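S.K.: Dropping the structure in here first, questions after.
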Amino acid sequence: MQLFIPGPVTVSPEVAAAQAQPMIGHRGSDFETLFARIQPKLRQVFATRNRVYISTSSGTGLQEAAVRNCVGRCCLNLVNGAFSERWHEITPANGKEGIKLEAPWGQAIHPEQVEKALAQGGFDAVTVVHNETSTGVMNPLAEIAAVVQRHPDVLLLVDAVSSLGGVAIDCDGPGLDVLLTSSQKCLGLPPGLAFCAVSDRALARARTVPNRGYYFDFLELEKYLLRNQTPATPAISLLFALDVQLDRMLAEGLSARYARHARLAARVQGWAAERYALFAEEGYRSLTVTTVTNTRQIDVRALNRHLRAQGMAISDGYGKLKGQTFRIAHMGDTTEADIERLLTAMDGFK
Ligand SMILES: *Cc1c(COP(=O)(O)O)cnc(C)c1O
């Protein structure tokens, strides 16, 4: 089955096979060698000099970690879709106050709105979802980061779950303090791992925040990272797969990978605009997933049955957008040929 859903994505056979390597212990030298080999490659993919923690969880775990470690009392949650709304819910669930700055679903968060909200003061951090997978909107991260940078005590926590590895993200230039992602989206791995690049500033903040929890405590993750280990048993088979996939990504070349994602997005969005309409605000359309407004009121479930018979799947709209929209992911290792096959099959649906 070829998956055109925004996670999990199709995993290449070579990467899937890497998981079958014989198990090793996580406190031995083989593991430390593996971990040490992965770390610089991960930093390349994250385009950062910061450490990158590896978590055996999905990305949601690291949304929780970011708030838990970096927010003393209160943060500003930028919300324009389901995943940013989730982060807003995670905030009080971890005992912090979260003030919501909202834009309608389908629209981007604009930097002036953030500027205005931050002017009220009292925020320890800002949470932002770079690419809202529910709506197909890509927020202007660099511009938002430039605004946050003017507030020296405010950390910027970024969910790039459905963009990192598919879109160039400047981590160190604008000073992203936490930049997190999951394995099963643009990185093209099976689900089960999550990663976050953490700045020195964020780590210093964590030292001042009590009740950081246990499993996701940055200070513990740091202590173990320095000896090429993780605090608890990680998903070692997935780390074997990660090691191989990072090599494949770097062999393709990151800029070639980003260019491929941009070409796929242009192709899918051109196709969709001719036949339907695009849900996301113009100028802020995602390069990794397209949310199509179902202007022809097709039966999305029937469409998926039609595609399934040909070994493919797309996604229905997320949550309240079910039926009104559908989503085509063009992320990970997806090729032009894959997309052509999908669009031909979709055109064959009557
Ligand atoms: C998929 C997704 C998540 C949730 O990630 P999990 O790995 O499923 O926990 C969070 N944010 C965004 C933007 C996503 O696309």
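Readers should treat all values here as calculations from the given coordinates under stated rules, not as data from a laboratory. Please read these numbers as outputs of a predicted model, since none were measured by experiment. Reconstructed Cβ throughout: ideal geometry from the backbone, glycine too, with neighbour counts over all protein chains shown.
S.K.: Per-residue counts of other Cβ atoms within 10 Å, averaged by peptide: what ranking do you get for 1-11, 281-291, highest first?
M.R.: Values: 1-11: 20.4, 281-291: 22.5.
By packing density, highest mean first, the sequence is 281-291, 1-11.
S.K.: Would you list, by chain and number, the aspartates and glutamates whose Cα falls below 20 Å from the Cα of residue 223, excluding same-chain residues fewer than 8 positions away?
M.R.: Partners within reach: 30, 32, 64, 177, 200.
S.K.: Ranking request for peptides 68-74, 87-93: highest mean number of other beta-carbon atoms within 10 Å first, then the rest in descending order.
M.R.: Highest mean packing first, the order is 68-74, 87-93.
S.K.: Using the Kirkwood radius over Cα pairs, work out the Stokes-Einstein diffusion coefficient for the range 172-262 at 10 °C and 1.306 mPa s, in µm²/s as a whole number.
M.R.: D = 105 µm²/s.
S.K.: Using only the Cα atoms of the range 72-148, what do you get for the radius of gyration and for Dmax, in Å?
M.R.: 11.6, 31
S.K.: Can you give the alpha-carbon Rg of the range 1-108 over 2.2 N^0.38 Å, where N counts its residues? Can you show the working numbers first?
M.R.: Values: Rg = 18.3 Å, N = 108, 2.2 N^0.38 = 13.0 Å.
With N residues counted in the range 1-108, Rg over 2.2 N^0.38 Å equals 1.40.
S.K.: So for the chain, Kirkwood radius off the Cα pairs, Stokes-Einstein at 10 °C and 1.306 mPa s: how many µm² s⁻¹? Don't skip to the end; give the middle numbers.
M.R.: Working: Rh = 20.5 Å.
Rounded to a whole number, D works out at 77 µm²/s.
S.K.: To make sure I understand, if each residue's beta carbon is the centre and we count other beta carbons within 10 Å, what order do 314, 339 fall in, fewest to most? Could the numbers behind the result be given before it?
M.R.: Values: 314 22, 339 19.
In order of increasing Cβ crowding within 10 Å: 339, 314.
S.K.: If the reach is capped at under 22 angstrom between alpha carbons, list the lysines near residue 116, excluding any in the same chain fewer than eight residues apart.
M.R.: 96, 100
S.K.: Can you give the charge dipole size of the range 1-149 about its Cα centre, rounded to the nearest 20 debye, using +1 on the beta carbon of Lys and Arg and -1 on the beta carbon of Asp and Glu?
M.R.: Details: 12 positive and 13 negative charges, 96 e Å.
I would put it at about 460 debye.
S.K.: Moving on. Could the peptides 79-85, 149-155 be put in order, highest first, of the mean number of other beta-carbon atoms found within 10 Å of their residues?
M.R.: Taking the mean over residues of other Cβ atoms within 10 Å, the ranking is 79-85, 149-155.
S.K.: Could you work out [θ]222 nm for the chain from helices alone, using -39500 (n - 2.57) per DSSP H run of at least four and dividing by all its residues? Round to the nearest 500 deg cm²/dmol.
M.R.: Working: 12 runs with 141 residues, N = 350.
About -12500 deg cm²/dmol.
S.K.: Okay, moving on. Report, ordered by chain and residue number, the lysines lying within cross-link reach of residue 185, taken as a straight Cα distance under 23 Å and ignoring same-chain residues fewer than 8 apart.
M.R.: Cα-Cα hits under 23 Å: 41, 320, 322.
S.K.: Here's something else I'd like to know. Mean separation of Cα pairs under 8 Å and 6+ residues apart, divided by the residue count of the chain: what relative contact order is that in percent? Before the final figure, lay out each step's value.
M.R.: Numbers: 710 pairs, mean separation 85.9, N = 350.
Value for the chain: 25 percent.
S.K.: To continue, here is another question. Would you work out the charge dipole size for the range 14-250 about its Cα centre, treating the Cβ of every Lys and Arg as +1 and the Cβ of every Asp and Glu as -1, and quote it to the nearest 20 debye? Intermediate results must be reported in sequence, preceding the final value.
M.R.: On the way: 21 positive and 24 negative charges, 100 e Å.
Result for the range 14-250 is approximately 480 debye, rounded to the nearest 20.
S.K.: In Å and on Cα atoms, what radius of gyration and Dmax does the range 112-250 show?
M.R.: Answer for the range 112-250, Rg first and Dmax second: 16.2, 47 Å.
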